[in-house]
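Q: Below are the structure tokens for one structure; questions will follow.
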Amino acid sequence: MGRREEGEVEGTVRRVRESCVTGGGSGIGRAICQVLARDGADVVVADLNLQSANDTVSMLPGPGSHLALALDVRDKTSVDSVLATIINKYQQPPSLLANNAGISSQGAPHIHMTEEFFMNIVNTNLKGMFLVSQAVCKSLLDHGSPVCGAVVNMGSINSKTGLVNHCHYTASKAGIVALTKSSAAELAKQGIRVNCVLPGAIKTPLNANASPGYLEPQIAATPLGRMGEPEEVAEVVAFLLSEKSSYMVGSCVEVTGGFCM
Ligand SMILES: NC(=O)c1ccc[n+]([C@@H]2O[C@H](COP(=O)([O-])OP(=O)(O)OC[C@H]3O[C@@H](n4cnc5c(N)ncnc54)[C@H](O)[C@@H]3O)[C@@H](O)[C@H]2O)c1
């Protein structure tokens, strides 16, 4: 992906340049980093796996001042520390946040799922998103006016459909929809737009170990008849982070190839 020339940049970085992508070391997060960097943003790639975050930075186009940081979204101390590092480097918090980090796991029926199994997913997918967006948005508001920020939370179409043996994952993703809409309503007048993306089945390492019984029915029920590419989600995220989507607040945009229309 080639980087646009300075001054040609439209949308993503007209007034704001610093972006942060959680879970930016793999899959959809890595593709979001690449699209934002292509569009001229400085990208903080924040991931539990620092090596993979470094790998992403090494792939980014352009001479942007990108940064790889270790982040555990489940841990408020880690979130605060990463934010402090970003502010120290850029003199401001990231105005664009892609709240993308998330995990799935082997499934289990609701009636047999252990509390530990359930909370492991909720802690990363839902609590993590709460902690990161709270810290970044509060910091943006504290850093003076006018505030101009955008947050995109990574949900899942399975929050609407449910998914057999995955109540932990689907419940965490449904919570993200509610978190998105509540925080969007609170923050819109203060200059921060919050939206959400609901991907269908996307080709990433998250799905690498998925059983055929899980993916095949979903692909068969997808009008496009295939899985999505990470870049196809990333372009929508970049749009929602850009001023091109200036009238979108609290939206949950489906990127599913038509699955579950
Ligand atoms: N792949 C799909 O089909 C699909 C569909 C719907 C939604 N999603 C969502 O998209 C997001 C990205 O998924 P992906 O498919 O790219 O997965 P992935 O496994 O390729 O990437 C997830 C990244 O998140 C990081 N991560 C995990 N736990 C973390 C933590 N505690 N703190 C910081 N980083 C952490 C991982 O290290 C990894 O780099 C997730 O929220 C996922 O639920 C994916």
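The values are calculated or read from the model by the stated rules, or taken from the named source; none is laboratory data. Remember, it's a predicted structure, so these values are computed and weren't measured experimentally. Cβ sites come from the backbone with ideal geometry, for glycine too, and all protein chains shown count toward neighbours. To get the accessible areas, we keep the full protein, side chains included, count just its heavy atoms, and leave off ligands, DNA and RNA. Shrake-Rupley method; radii C 1.70, N 1.55, O 1.52, S 1.80 Å.
Q: Can you name every residue in the stretch 80-115 that is at pLDDT 95 or above, outside any helix (DSSP H, G or I) and loosely packed, with under 15 Cβ neighbours inside 10 Å?
A: Listed by number, the residues that qualify are PRO109, THR114.
Q: Test SER242 against the stated conditions and say whether it is surrounded by fewer than 18 Cβ atoms within 10 Å (Cβ to Cβ), over 20 Å from LYS173 (Cα atoms) and polar (S, T, N, Q). Break it down into steps so the answer makes sense when it comes.
A: On the way: surrounded by fewer than 18 Cβ atoms within 10 Å (Cβ to Cβ): no; over 20 Å from LYS173 (Cα atoms): yes; polar (S, T, N, Q): yes.
Answer is no for this residue.
Q: Only one of (1) away from the ligand (no atom under 14 Å from the Cβ); (2) touching a Phe, Trp or Tyr at 6+ places or on another chain (Cβ under 8 Å); (3) open to solvent by less than 40 Å² (accessible area, probe 1.4 Å) fails for PRO223. Which number is that?
A: Of the numbered conditions (1) away from the ligand (no atom under 14 Å from the Cβ); (2) touching a Phe, Trp or Tyr at 6+ places or on another chain (Cβ under 8 Å); (3) open to solvent by less than 40 Å² (accessible area, probe 1.4 Å), the odd one out for PRO223 is (3).
Q: Let me ask you something else. Among the residues in the stretch 196-217, are any in contact with a Cys (Cβ under 6 Å, 6 or more places away or on another chain) and within 10 Å of the ligand (Cβ to nearest atom)?
A: Checked against the condition, which is being in contact with a Cys (Cβ under 6 Å, 6 or more places away or on another chain) and within 10 Å of the ligand (Cβ to nearest atom), the stretch 196-217 yields at least one hit.
Q: Tell me which residues, restricted to the stretch 130-146, are free of Cβ contacts under 8 Å to residues at least 60 places away in the same chain and open to solvent by less than 40 Å² (accessible area, probe 1.4 Å).
A: Of the residues in the stretch 130-146, the ones free of Cβ contacts under 8 Å to residues at least 60 places away in the same chain are 130-131, 134-135, 137-146.
Residues satisfying the conditions are LEU131, ALA135, CYS137, SER139, LEU140, GLY144.
Q: Another question, if that's okay. Tell me which residues, restricted to the stretch 56-71, are open to solvent by 60 Å² or more (accessible area, probe 1.4 Å) and of a type outside the set (A, V, I, L, M, F, W, C).
A: Correct list: SER58, PRO63.
Q: ALA150 - would you say it is under 22 Å from VAL253 (Cβ atoms), more than 14 Å from the ligand (Cβ to nearest atom) and not in a helix (DSSP H, G or I)?
A: Values: under 22 Å from VAL253 (Cβ atoms): yes; more than 14 Å from the ligand (Cβ to nearest atom): yes; not in a helix (DSSP H, G or I): yes.
Criteria met by ALA150.
Q: Something else about it: So which residues in the stretch 30-79 are of a type in the set (Gly, Ala, Ser), away from the ligand (no atom under 13 Å from the Cβ) and part of a helix (DSSP H, G or I)? I'd like the intermediate steps shown before the answer.
A: Filtering the stretch 30-79 for residues of a type in the set (Gly, Ala, Ser) gives 31, 37, 40-41, 46, 52-53, 58, 62, 64-65, 68, 70, 78.
Those still in the list that are away from the ligand (no atom under 13 Å from the Cβ) too: 37, 40-41, 58, 62, 64-65.
Residues satisfying the conditions are ALA37, SER58.
Q: Answer yes or no: is there a residue in the stretch 134-144 that is in a loop (DSSP other than H, G, I, E, B) and closer than 21 Å to VAL35 by Cβ. Walk me through it before giving the result.
A: Going through the stretch 134-144, the residues in a loop (DSSP other than H, G, I, E, B) turn out to be 143-144.
In the following step, the residues that additionally are closer than 21 Å to VAL35 by Cβ were identified as none.
There is no residue in the stretch 134-144 that is in a loop (DSSP other than H, G, I, E, B) and closer than 21 Å to VAL35 by Cβ.
Q: To continue, here is another question. Which residues, counting only those in the stretch 226-261, are within 14 Å of the ligand (Cβ to nearest atom) and in a loop (DSSP other than H, G, I, E, B)?
A: Of everything in the stretch 226-261, those that are within 14 Å of the ligand (Cβ to nearest atom) and in a loop (DSSP other than H, G, I, E, B) turn out to be ARG226, MET227, GLU229, THR256, GLY257, PHE259, CYS260.
Q: Find the residue count for the stretch 15-29, including only residues that are in a loop (DSSP other than H, G, I, E, B), surrounded by fewer than 24 Cβ atoms within 10 Å (Cβ to Cβ) and near the ligand (Cβ under 10 Å from one of its atoms). Even if it seems obvious, please write down each step before you answer.
A: Applying the first criterion (in a loop (DSSP other than H, G, I, E, B)) to the stretch 15-29 yields 15-17, 23-26.
Imposing the further condition that a residue be surrounded by fewer than 24 Cβ atoms within 10 Å (Cβ to Cβ) reduces the set to 15-17, 26.
Imposing the further condition that a residue be near the ligand (Cβ under 10 Å from one of its atoms) reduces the set to 26.
Qualifying residue count, the stretch 15-29: 1.
Q: Next question, about the same structure. Could you say which residue among VAL45, VAL35 is open to solvent by less than 30 Å² (accessible area, probe 1.4 Å) and over 22 Å from GLU243 (Cβ atoms)?
A: On the way: VAL35 fails: over 22 Å from GLU243 (Cβ atoms).
Exactly one residue qualifies, and that residue is VAL45.
Q: Going by what's in this entry, would MET119 be described as closer than 21 Å to LEU206 by Cα, open to solvent by 30 Å² or more (accessible area, probe 1.4 Å) and of a type in the set (A, V, I, L, M, F, W, C)? I'd like the intermediate steps shown before the answer.
A: Values: closer than 21 Å to LEU206 by Cα: yes; open to solvent by 30 Å² or more (accessible area, probe 1.4 Å): yes; of a type in the set (A, V, I, L, M, F, W, C): yes.
Here the answer is yes, as MET119 does meet what is asked.
Q: Would you check if THR170 is in a helix (DSSP H, G or I) and in contact with a strand residue (DSSP E or B) (Cβ under 7 Å, 6 or more places away or on another chain)?
A: Details: in a helix (DSSP H, G or I): yes; in contact with a strand residue (DSSP E or B) (Cβ under 7 Å, 6 or more places away or on another chain): no.
No; evaluated as a whole, the condition is false for this residue.
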